[in-house]
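In what follows, a structure is listed as structure tokens, so that the remarks can point back to it.
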Amino acid sequence: MADRVKTVKLLATLRSVAGAKEIAVPVSADATVRDLLRSITQIHPALGARILEDDGQLKRGIQFIVEGRHIDWLQGLDTPVADADNLMLIPPVSGG
């Protein structure tokens, strides 16, 4: 059961997939990034398919940022999501 709703900002092509600049995701009080991503997949299946592999891992090049830090530098998918945290999903970026 969701105890709160977190807002996740979406950048670039992820905005067009979701049809919004940000999405509201219901999560429990003790949610991790993994829990939040599962909720995103349930609410926005097309977005979930774009960002997650079948095994629940982030697809190559997708970045999940918590409070300005990539989850790889925190606790990965097990990073807790606090009430005040700013969250952002970034698709693969290319160019030069």
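Results for (1) hydroxyl-bearing (Ser, Thr, Tyr); (2) surrounded by 12 or more Cβ atoms within 10 Å (Cβ to Cβ); (3) at pLDDT 95 or above; (4) closer than 15 Å to Lys6 by Cβ, shown as yes or no for each residue.
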{"position": "Gly19", "(1), (2), (3), (4)": "no, no, no, no"}
{"position": "Ser28", "(1), (2), (3), (4)": "yes, yes, no, yes"}
{"position": "Gln75", "(1), (2), (3), (4)": "no, yes, yes, no"}
{"position": "Ser94", "(1), (2), (3), (4)": "yes, no, no, no"}
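Among the criteria (1) in contact with a strand residue (DSSP E or B) (Cβ under 6 Å, 6 or more places away or on another chain); (2) closer than 15 Å to Asp85 by Cα, the one Leu11 does not fulfil is (2). Of the residues that make up the range 66-76, is at least one without any contact (Cβ under 8 Å) to a residue 60 or more places away in the chain, closer than 20 Å to Glu22 by Cβ and aromatic (Phe, Trp, Tyr)? Within the range 66-76, none of the residues are without any contact (Cβ under 8 Å) to a residue 60 or more places away in the chain, closer than 20 Å to Glu22 by Cβ and aromatic (Phe, Trp, Tyr). Within the range 81-96, residues that are more than 15 Å from Leu14 (Cβ to Cβ) have Cβ atoms under 6 Å from residues that are part of a loop (DSSP other than H, G, I, E, B) and at pLDDT 85 or above in these pairs: Val81/Ala31; Asp85/Glu67; Asn86/Glu67, counting only partners at least 6 apart in sequence or on another chain.
The values are calculated or read from the model by the stated rules, or taken from the named source; none is laboratory data. This structure is a prediction, so every number in the text was calculated from the model and none was measured. Heads up, the Cβs are rebuilt from the backbone with ideal geometry, glycines too, and the neighbour counts pull from every protein chain shown.
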